[in-house]
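Written below as structure tokens is the structure these notes are about.
We did not get these values from a lab; they are worked out from the coordinates using the rules stated. Everything quoted here is computed from the prediction, not taken from an experiment. We place every Cβ from the backbone using ideal geometry, glycine too, and count neighbours over all the protein chains shown.
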Amino acid sequence: MSNTTRPRILQRGRLLPQLESALAAEFDVHLLDAEQDNTAWLAEHGHTFVALTSSARYGADRALIDALPNLRVISSFGVGYETIDVAHARERGIQIGYTPDVLNDCVADTAFGLLMDAARRFSASDRFVRRGEWLAGQYPLTTRISGKKLGILGLGRIGRVIARRASGFDMEVRYHNRRALPDAPFAYEPTLHGLARWADFLVVASAGGAETRKLVDAGVLEALGPKGFLINISRGSVVDEAALLDALREGRIAGAGLDVFEREPQVPEAFFALDNAVLLPHVASATHETRQAMADLVFENLRSFFAEGHVKVAVP
């Protein structure tokens with residue numbers, strides 16, 4: 001089949017090589033990053049594309065959507081969609097596919113890895129050994145995890161898997177959402193401050209976007225207290241980074257485990273000097289198995305749209 005008879009897809013940002021190969025084999029794909037002047041190039045060629053592939057990192061803002069007047073479908077690599085102008089796309093009748101569920105387990109595993117590391121100081125004690133400081137004395141005592149209280153901000157798909165992981169550590173679980181969930185087997189805290197005051201560990205698993213921006217602020221951290229730990233595997237925008245840095249430096253919370261930051265990959269250098277902060281480069285879903293499952297779903301969303309008229313998994 002020639003390129004002229006295949007649906008033309010614009011790709012924003014690089015994707016997994018195996019996904020790019022699969023897309024190229026079935027569709028006529030053009031990488032936007034290959035152009036030096038995106039605006040000028042889209043003004044000339046944007047009308048030729050009927051589909052867009054992107055990721056949670058790059059998304060699709062109003063300007064990009066408007067530069068593609070014949071756009072019919074967006075297939076995004078990721079569970080977050082706050083970087084996509086969903087409302088504007090829907091006004092245009094554009095379907096949006098994304099990749100939830102397939103990454104739940106790995107993200108939940110990362111949340112518990114960060115929780116364990118922040119409390120037991122595994123990374124910090126590893127550095128202690130490597131520096132030769134064990135020769136001078138024992139590493140300080142750390143914090144037990146089993147039997148403690150776990151608060152979850154955002155009991156969605158990933159939050160529920162995190163809660164299941166907690167059962168293996170005999171932890172009591174409570175959660176805070178915008179509203180209580182009738183099918184949730186855990187106690188609901190009507191305020192985030194109340195959840196933070198109750199919890200030993202506060203895990204942020206909420207969606208990103210304007211509604212949750214800096215939701216975890218200085219007041220929430222104060223409520224979490226000097227024995228509490230903050231874990232964030234959601235979006236960096238949900239936490240007030242300046243307030244978090246102050247709380248960590250001053251010992252107003254015990255520690256933090258962070259997989260996400262506000263301006264990735266730029267991480268405030270003040271974090272680097274803090275042994276009570278565990279820092280990961282946004283790798284919660286970064287396993288071979290999960291990324292392949294995400295890639296497969298990006299491809300299937302497009303194939304389903306062109307074969308059946310709808311994406312396989314649509315943004316709600």
Query raised in the report: Amide H of Phe261: which non-local residues (sequence gap of 5 or more, or other chain) have their own amide H closer than 5 Å, using H built in the peptide plane?
Result: Gly236
Query raised in the report: What angle, in degrees between 0 and 90 and rounded to the nearest 10, separates the Cα long axis of helix 288-308 from the longest principal axis of the Cα atoms of the chain?
Result: 30 degrees
Requested in this report: Please give the length that would be gained between Arg157 and Phe169 if that part of the chain were fully extended, namely 0.36 nm times their separation in residues minus their C-alpha to C-alpha distance (nm, one decimal).
Outcome: 2.3 nm
Query raised in the report: So which lysines can Lys149 reach, going by Cα to Cα under 29 Å and dropping same-chain residues fewer than 8 places off?
Result: Lys214, Lys227
Report summary line: Between [x] 20.2; [y] 19.6; [z] 21.1, the structure-derived Kirkwood radius over Cα pairs in Å is [z]
Requested in this report: Count charges around Arg62 for me, please; just the other residues with Cβ under 13 Å from its Cβ, Lys/Arg as +1, Asp/Glu as -1.
Outcome: -2
Report summary line: Rounded to two decimals, the Debye log10 I(q)/I(0) of the range 104-279 (Cα scatterers, no solvent) at q = 0.09, 0.15 Å⁻¹ is -0.29, -0.80
**Report entry** Summed residue charge, Cβ within 12 Å of Leu215's Cβ, Lys/Arg positive, Asp/Glu negative
**Finding:** +1
Query raised in the report: Quick one: length gained pulling Arg130 to Glu308 fully straight, 0.36 nm per residue minus the C-alpha distance?
Result: 58.4 nm
Query - Sorted by Cβ neighbour density within 10 Å, fewest at the top, the residues Asp296, Asp33 - result: Asp33, Asp296
Report summary line: Residue span Gln138 to Arg6: 0.36 nm per residue of separation minus Cα-Cα distance leaves a gain in nm of 41.0 nm
Query raised in the report: Alpha carbon centre of the range 155-192 versus the range 1-45: separation in Å?
Result: 41 Å
Report task. On a 0 to 90° scale, report how tilted helix 104-120 is relative to the longest principal axis of the chain, with both axes built from alpha carbons and the result rounded to the nearest 10. Result -> 30 degrees
Query raised in the report: What does the highest-first list of 230-237, 215-222 look like by mean Cβ count within 10 Å?
Result: 230-237, 215-222
Report summary line: Given backbone amide H placed at 1.01 Å from N, residues whose amide H is under 5 Å from that of Val278, ignoring those fewer than 5 places away on the same chain, are Ala256, Gly257, Leu258
Requested in this report: May I ask you to sort Phe186, Phe272 by Cβ crowding, counting other Cβ atoms within 10 Å and putting the fewest first?
Outcome: Phe272, Phe186
